[in-house]
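Can you read through this structure? Questions will come right after.
The values are calculated or read from the model by the stated rules, or taken from the named source; none is laboratory data. The structure presented is a predicted model; accordingly, all values stated were derived computationally and were not measured. Cβ atoms come from the backbone with ideal geometry, glycine included; neighbour counts cover every protein chain shown. Just the protein is used for accessible areas: all its heavy atoms, side chains included, with ligands, DNA and RNA removed. Shrake-Rupley method; radii C 1.70, N 1.55, O 1.52, S 1.80 Å.
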Amino acid sequence: MAIVVRIDVELAKRKLSVGEFAERVGLTPANVAVLKNGRAKAVRFSTLDAMCRVLECQPGDLLEWVDDDEADASA
């Protein structure tokens with residue numbers, strides 16, 4: 001199972017910097033980078049809620065499940 005994080009796509013669509021996004025969500029830029037780069041092991045629902053509120057999107061716009069076989073083939 002592979003979860004692909006698409007925060008960078010949503011930030012680019014809105015021309016929003018990581019720093020501004022982090023401030024609006026209430027995270028440090030370093031923690032946003034951990035989420036954005038897919039290194040996070042967990043995300044609190046309250047954090048996901050805040051990210052969706054700031055970006056005006058759905059959780060599925062930020063997170064996508066990809067089958068391991070598909071993830072390996074695209075790498």
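Quick check, is VAL54 modelled with pLDDT of 95 or more, β-branched (Val, Ile, Thr) and over 29 Å from ASP69 (Cα atoms)?
yes
Here are GLY19, GLY38, GLY60: which of them is on the phi > 0 side of the Ramachandran plot and either touching an Asp or Glu at 6+ places or on another chain (Cβ under 7 Å) or open to solvent by less than 80 Å² (accessible area, probe 1.4 Å) (or both)?
GLY38
Turning to a different aspect of this structure: I need the helices (runs of 4 or more DSSP H) fully contained in the chain, keeping only those with at least 1 residues that are without any contact (Cβ under 8 Å) to a residue 12 or more places away in the chain and among the acidic types (Asp, Glu).
Fully inside the chain and qualifying: 18-25, 45-55, 68-74.
Then there's this: Between ARG44, ARG24, which is open to solvent by 80 Å² or more (accessible area, probe 1.4 Å), over 16 Å from GLY60 (Cα atoms) and either of a type in the set (A, V, I, L, M, F, W, C) or modelled with pLDDT of 95 or more (or both)?
ARG24
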